[in-house]
Amino acid sequence: MKRIVIFLLLAIAFTSCKSTSTAVSKSGTKTESKKENRALVNTLIEKATDNIGVRYKAGGTTKSGFDCSGLVYTTFQSESIQLPRSSYDQAKIGKVIPLNDAKKGDLIFFKTNKSRQINHVGLITEVNSDEIKFVHSSTSKGVIISSTKEPYYKNSFEQVNRVLP
């Protein structure tokens, strides 16, 4: 656990150093680091959504089956980003942000089945004015894309975390 925290702190430090030294384009609208971040987010979403249709498997982290946190863990690990293994611990990483500030690439957390603690996670794939879509592994349907408009997720929503700069 200490190794993960140290890795994340170093990753944040190096990322923030890089972003401050990146030149702004002539239009002044985008920096290279923002482009790199957008590319990373798109890669993570692509890797996660490549698993749509894979069955649910408790403790699963492979194409033979994923649980929700296993999908997120494996997706980020594919880009050398270390996250804790459980959704409960993943919810402690990064910065909790308001739902209306959510962006693609953020993690969305839920307390499902009347749980008292976070027990479900997804990776946000799309944000519209009144809806957030996220890829996750559902116990009944495996890896799918769901929406915060669905009553089950609307009623069990807990928080959004930004783990990428």
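What follows draws every value from the coordinates through simple rules; no lab data is involved. In this text, all values refer to a predicted model and were calculated from it rather than measured experimentally. Cβ sites come from the backbone with ideal geometry, for glycine too, and all protein chains shown count toward neighbours.
Highest mean packing first, where packing is the average number of other Cβ atoms within 10 Å per residue, the peptides 128-137, 36-45 line up as 128-137, 36-45. Along its first, second and third principal axes, ordered by size, segment 106-165 spans 30, 21, 21 Å in Cα coordinates. Projected label points at GLN82 and GLN117, each 7 Å from Cα along the beta carbon direction, are separated by 2.2 nanometres. Among 82-90, 117-125, 95-103, sorting by the average number of other beta carbon atoms lying within 10 angstrom of each residue, highest first, gives 117-125, 82-90, 95-103. Take the Cα of TYR152, step 7 Å toward its Cβ, do the same at ASP89, and the gap between the two points is 2.7 nm. Values of log10 I(q)/I(0) for segment 34-165 across q = 0.16, 0.19, 0.22 Å⁻¹ run -0.71, -1.04, -1.47, by the Debye formula with one identical scatterer at each alpha carbon and no solvent.
Each of ASN100, GLN90, SER129 was scored by the projection of its Cα onto the charge dipole of segment 87-143, and the greatest displacement toward the positive side belongs to GLN90; charges sit on the C-beta of Lys, Arg, Asp and Glu.
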